[in-house]
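Peer 1: Next up is a structure, given as structure tokens.
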2 protein chains.
Amino acid sequence: MNKAITYELLHECKQTGARRGVIHTPHGDIQTPIFMPVGTQATVKSLTPEELKEEVKAQIILSNTYHLYLRPGHKLVEEAGGLHNFMKWDKPILTDSGGFQVFSLGELRKITEEGVEFKSHLDGSKHLFTPEKVMEIENSLGADIIMAFDECCPYPSTYEYTKNSMERTTRWAIRCKETHKNIEKQGLFGIIQGGFYKDLRKQSAEDLIALDLPGYAIGGISVGEPKETFLDILQYTTPLMPKEKPRYLMGVGTPDYLIEAAIAGIDMCDCVLPTRIARNGTALTSKGKVVVKNATYERDWNPLDDECDCYACKNYTRAYIRHLVKANEILGVRLLSLHNLRFLTNLMERVRIEIENDNLLNFRNEFYQKYGYID
Amino acid sequence: MNKAITYELLHECKQTGARRGVIHTPHGDIQTPIFMPVGTQATVKSLTPEELKEEVKAQIILSNTYHLYLRPGHKLVEEAGGLHNFMKWDKPILTDSGGFQVFSLGELRKITEEGVEFKSHLDGSKHLFTPEKVMEIENSLGADIIMAFDECCPYPSTYEYTKNSMERTTRWAIRCKETHKNIEKQGLFGIIQGGFYKDLRKQSAEDLIALDLPGYAIGGISVGEPKETFLDILQYTTPLMPKEKPRYLMGVGTPDYLIEAAIAGIDMCDCVLPTRIARNGTALTSKGKVVVKNATYERDWNPLDDECDCYACKNYTRAYIRHLVKANEILGVRLLSLHNLRFLTNLMERVRIEIENDNLLNFRNEFYQKYGYID
């Protein structure tokens, strides 16, 4: 039987643990390490698929099981011919399982061995997500990579809570694997949990690896902990993951975290940050964040980032983009979203080159110096 | 001295009073009759200049003196190299004088012979617009066509109020002409007022024509009056306007009004309608309006309009666009704005062809039958 998702290792950086690779999917290849733009509701906020391909140069995007289940409904998306056809994106898609969202957005959630009962953030209606239900939804959506249903522990959580939660997540992953119908077209990834306890991370990794899933993710970090704690768990957990499969760090999108993730040996990251801060009038640039809506940019005739090759930077001044943001004009959000996403995909293109050149550590140091601050 | 704006009559429809012509401007030619998209705040809402050129096929856009004066300020736009450079639109621009806006948006306005004192809708600050001030602003903005400062009477208004207001508008037009500095690069258009009194319309037209301005507009109709009243004044006033100059009907953008305007001999129209109804989830189509956010389109796998050649109609279903609108996603507004504008420019392309074929009356009847209703 053909596997939906396979990983090919091209080169390991001699300065770091970073991997240069390719993920093969039914909708094409993904050069890694990569940053994946998030399209929660079957659209990467404010942008078209063509802009994502031609300007952002995105190779894969994310979408969300929780949101699409509630609206417009996974059966409707299935009728449309799946998510790729519904939103006219013909490259790879990854769907998150909704595990994180039912905990962060759903009200009055109730967790049992069976699954999670929660109330919709849209209308308060009651719903039950079980591993079986989530697989049904993700099979309907038809993404290339689908995530197992997991519990993302709050930070901080006690050892006992975290252990129980992690073990349940593993049992849920087994149920996901048993239910997943579409293994030739969709690869099911397991999510390593275990909070900030290394022995639990190790147990989670081992138990999930035993399921021989086509890829693995680290969940439950970058959830509010100090950076040292994040790095400690990242650097401990990543080497536990199979070398011959993709390694995905969930919910990370600041430039420094992306670089550190690559150095640790991570292949894939995602985050809503670039589009979210765009809506607040903020740009990521090679010299740090620029809050373009601030008065200081009123008569700034420079582009957002003079090192950037995106449409926004090639055509518009900070002064014009500031005007658009202040006047609540959609074009302002569009230009900032496009730029911020391109900034991160550009960064990862560079990271891939520096891995090939065995120079990632030097690049990190230069980048940090110029970027001027670390989140 | 070169004139900024000239009009060339190509053909007169034998079935109607419609004119097929070309307006020559410093930023290129405009094929008429034409619908002009509105970019109030130096952006046509949600769209890029490239989309306007390549998808909407817009030949000229409008922007607004009142809004740009208040934010970001006309001096800032002048520093940016003028409006064309500020917003990266290299085709013709027309700026409205703010006459309509100080009456409809400004609070606590006070009209004197000198001008209009008003409070900003943004921060309540006090401002005085005089013909001289408006010319200063429009000269700074640098549009190809600039409108004289006028008073747009409320509907209904008494004969006496309308007469006084119209005569003042003429005196203001004289002051505009005397102040306008940039006549080789910017053509000043007069605005015929006179409400719904034909003798006042006649007087206004004659007095303004005596100023030998490069173009004329009809203001103060399509302001809430019944359609018969609109048509009566339109059909009475248009033939009073010079044949050798562009004729502009302000604030009209429903398909039937556009067709009637062309039939009456109008060359240019503008309206915020297509982008405004887009933001409410409504599409203009060849079979009438489609309120795509309605539940009836939930599983409609057809394009917005199967006769349309725009990007939205070539790529997306009503079901997907409905999902975007319901989920408050910007891409929904973008696709509907693009489509609605293209619908109107497409309509006017067709009107131009039908004028050339001396067939506009037949086309009107066919269009109305298919469109299914008249606004």
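Peer 1: Inspect all residues belonging to region B:59-75 and state whether any of them is of a type outside the set (A, V, I, L, M, F, W, C), touching a residue at least 40 places away in the same chain (Cβ under 8 Å), within 14 Å of chain A (Cβ to nearest Cβ) and part of a strand (DSSP E or B).
Peer 2: Yes, region B:59-75 contains at least one residue that is of a type outside the set (A, V, I, L, M, F, W, C), touching a residue at least 40 places away in the same chain (Cβ under 8 Å), within 14 Å of chain A (Cβ to nearest Cβ) and part of a strand (DSSP E or B).
Peer 1: Another one. Give the number of residues within region A:333-363 that are under 30 Å from B:THR43 (Cβ atoms) and either facing chain B (nearest Cβ under 8 Å) or β-branched (Val, Ile, Thr) (or both).
Peer 2: Final tally of qualifying residues: 3.
Peer 1: Go through region B:231-253 and give me each residue that's surrounded by 20 or more Cβ atoms within 10 Å (Cβ to Cβ) and over 18 Å from B:GLY215 (Cα atoms). Lay out the reasoning, then the answer.
Peer 2: So in region B:231-253, the residues surrounded by 20 or more Cβ atoms within 10 Å (Cβ to Cβ) come out as B:233-234, B:237-238, B:241, B:245-253.
Answer for region B:231-253, where residues must be surrounded by 20 or more Cβ atoms within 10 Å (Cβ to Cβ) and over 18 Å from B:GLY215 (Cα atoms): B:ILE233, B:GLY253.
Peer 1: Being touching a residue at least 24 places away in the same chain (Cβ under 8 Å), within 14 Å of chain B (Cβ to nearest Cβ) and touching a Gly at 6+ places or on another chain (Cβ under 7 Å) is the filter here; which residues of region A:285-331 pass it?
Peer 2: A:VAL292, A:LYS293, A:ILE321, A:VAL325
Peer 1: Within region A:49-65, can you find the residues that are touching a Phe, Trp or Tyr at 6+ places or on another chain (Cβ under 8 Å) and not charged (D, E, K, R)?
Peer 2: Within region A:49-65, A:PRO49, A:LEU52, A:ILE61 qualify.
Peer 1: Name the helices (runs of 4 or more DSSP H) wholly inside region A:80-146 in which the number of residues that are hydrophobic (A, V, I, L, M, F, W, C) and surrounded by 21 or more Cβ atoms within 10 Å (Cβ to Cβ) is 3 or more. So that I can check it myself, show each step before the final result.
Peer 2: Values: elements: A:83-87, A:99-104, A:131-141.
Correct list: A:83-87, A:131-141.
Peer 1: Then there's this: Please indicate, with yes or no, whether at least one residue in region B:45-57 is touching a residue at least 24 places away in the same chain (Cβ under 8 Å), assigned to a loop (DSSP other than H, G, I, E, B), touching a strand residue (DSSP E or B) at 6+ places or on another chain (Cβ under 6 Å) and more than 13 Å from chain A (Cβ to nearest Cβ). Don't jump to the end; show me each part of the working.
Peer 2: At the first step, the residues of region B:45-57 found to be touching a residue at least 24 places away in the same chain (Cβ under 8 Å) are B:45-47, B:49, B:51-53, B:55-57.
From what's left, assigned to a loop (DSSP other than H, G, I, E, B): B:45-47, B:57.
Right, trim to touching a strand residue (DSSP E or B) at 6+ places or on another chain (Cβ under 6 Å) and you get none.
Within region B:45-57 (the criterion being touching a residue at least 24 places away in the same chain (Cβ under 8 Å), assigned to a loop (DSSP other than H, G, I, E, B), touching a strand residue (DSSP E or B) at 6+ places or on another chain (Cβ under 6 Å) and more than 13 Å from chain A (Cβ to nearest Cβ)), the answer is no, since none of the residues qualifies.
Peer 1: Further, regarding this structure: Please state which one of B:ASP306, B:ASP270 is surrounded by fewer than 19 Cβ atoms within 10 Å (Cβ to Cβ) and either modelled with pLDDT of 95 or more or in contact with a strand residue (DSSP E or B) (Cβ under 9 Å, 6 or more places away or on another chain) (or both). Talk me through it step by step, then tell me what you get.
Peer 2: On the way: B:ASP270 fails: surrounded by fewer than 19 Cβ atoms within 10 Å (Cβ to Cβ).
Only one candidate passes the filter, namely B:ASP306.
Peer 1: Something else now. Return yes when B:GLU8 is out of contact with any helix residue (DSSP H, G or I) (no Cβ under 6 Å at 6 or more places or on another chain) and not in a loop (DSSP other than H, G, I, E, B) and no when it is not. Step through it out loud before you land on a result.
Peer 2: Values: out of contact with any helix residue (DSSP H, G or I) (no Cβ under 6 Å at 6 or more places or on another chain): yes; not in a loop (DSSP other than H, G, I, E, B): yes.
In short, yes.
Peer 1: Within region A:186-222, count every residue that is over 15 Å from the mean Cα position of the chain (by Cα), over 20 Å from A:THR6 (Cβ atoms) and in a loop (DSSP other than H, G, I, E, B).
Peer 2: So the answer is 5.
Peer 1: When you check B:ILE34 against the structure, is it more than 14 Å from chain A (Cβ to nearest Cβ) and farther than 18 Å from B:ALA261 by Cβ, yes or no? Even if it seems obvious, please write down each step before you answer.
Peer 2: Working: more than 14 Å from chain A (Cβ to nearest Cβ): yes; farther than 18 Å from B:ALA261 by Cβ: no.
No.
Peer 1: Ok, one more. Only one residue in B:GLU184, B:GLU151, B:GLU178 is more than 14 Å from B:VAL134 (Cα to Cα) and acidic (Asp, Glu), so which one is that?
Peer 2: B:GLU184 is the lone residue from the list that is more than 14 Å from B:VAL134 (Cα to Cα) and acidic (Asp, Glu).
Peer 1: Continuing with the same structure: When the residues of region A:49-103 are narrowed to those that are touching a Leu at 6+ places or on another chain (Cβ under 8 Å) and among the hydroxyl-bearing types (Ser, Thr, Tyr), which ends up farthest from A:HIS24 (Cα to Cα)?
Peer 2: Going through the qualifying residues, I end up with A:TYR66.
Peer 1: Looking at (1) touching a helix residue (DSSP H, G or I) at 6+ places or on another chain (Cβ under 7 Å); (2) among the hydroxyl-bearing types (Ser, Thr, Tyr); (3) assigned to a loop (DSSP other than H, G, I, E, B), can you tell me which one B:THR162 breaks?
Peer 2: (3)
Peer 1: Taking region A:65-74 only, how many residues are surrounded by fewer than 24 Cβ atoms within 10 Å (Cβ to Cβ) and either aliphatic (A, V, I, L, M) or touching a strand residue (DSSP E or B) at 6+ places or on another chain (Cβ under 6 Å) (or both)?
Peer 2: Adding up the residues that qualify gives 1.
The values are calculated or read from the model by the stated rules, or taken from the named source; none is laboratory data. It should be emphasised that the depicted structure is a prediction, and the values quoted were computed from it without experimental measurement. Note: ideal-geometry Cβ built from the backbone for every residue, glycine included; neighbour counts use all protein chains shown.
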